[in-house]
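Here's the structure we're looking at; comments come further down.
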Amino acid sequence: MNKNTGADAAPTDVAASRLIDERIQELGDWRGETLARVRKLIREADPQVVEEWKWRGVPVWSRGGIVCTGETYKSAVKLTFAKGASLPDPKGLFNASLDGNTRRAIDLYEGDEIDGKALQALVRAAIALNASKKK
């Protein structure tokens, strides 16, 4: 339970959440909408996920370790799963960084549909993997 709010939600880095809000607003286009949508899906997948702001402006979602990052580029929003190579991906969401031994990424382009349930399954699997490595 969060001591500050009395709720079961994770303690939130308010400054990081505010910076993510600002990034979404600054983008003001499909990339901001996409980042907002994936953020919502990640937070719904596990309300105890913590938002962070790292590496000079990269949104990061963590629980027991990094779950994923949300980078924005001119033509894509990239969700990079820190331990994605170890995660099951039955819906084939991973479409980038496929050659490495550790990370996997999902590049989202303007007009792409997001399979929310599949993304949330990846988030939950990443959290479970982080928890299993802590034991």
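The values are calculated or read from the model by the stated rules, or taken from the named source; none is laboratory data. Since the structure is predicted, the reported quantities are computational estimates derived from the model, not experimental observations. Heads up, the Cβs are rebuilt from the backbone with ideal geometry, glycines too, and the neighbour counts pull from every protein chain shown.
The figures follow:
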item	result
Positions within region 47-85 being of a type in the set (Phe, Trp, Tyr) and closer than 23 Å to residue 128 by Cβ, in sequence order	61, 81
Odd one out for residue 102 among (1) crowded, with 20+ Cβ neighbours inside 10 Å; (2) out of contact with any strand residue (DSSP E or B) (no Cβ under 9 Å at 6 or more places or on another chain); (3) of a type in the set (S, T, N, Q)	(1)
Number of the condition not met by residue 29 [criteria: (1) within 21 Å of residue 120 (Cα to Cα); (2) modelled with pLDDT of 95 or more]	(1)
Test: residue in region 13-25 that is surrounded by fewer than 17 Cβ atoms within 10 Å (Cβ to Cβ), in a loop (DSSP other than H, G, I, E, B), without any contact (Cβ under 8 Å) to a residue 12 or more places away in the chain and not aromatic (Phe, Trp, Tyr)	no
Qualifying residue in region 33-46 (condition: of a type in the set (A, V, I, L, M), over 25 Å from residue 131 (Cβ atoms) and not in a loop (DSSP other than H, G, I, E, B))	yes
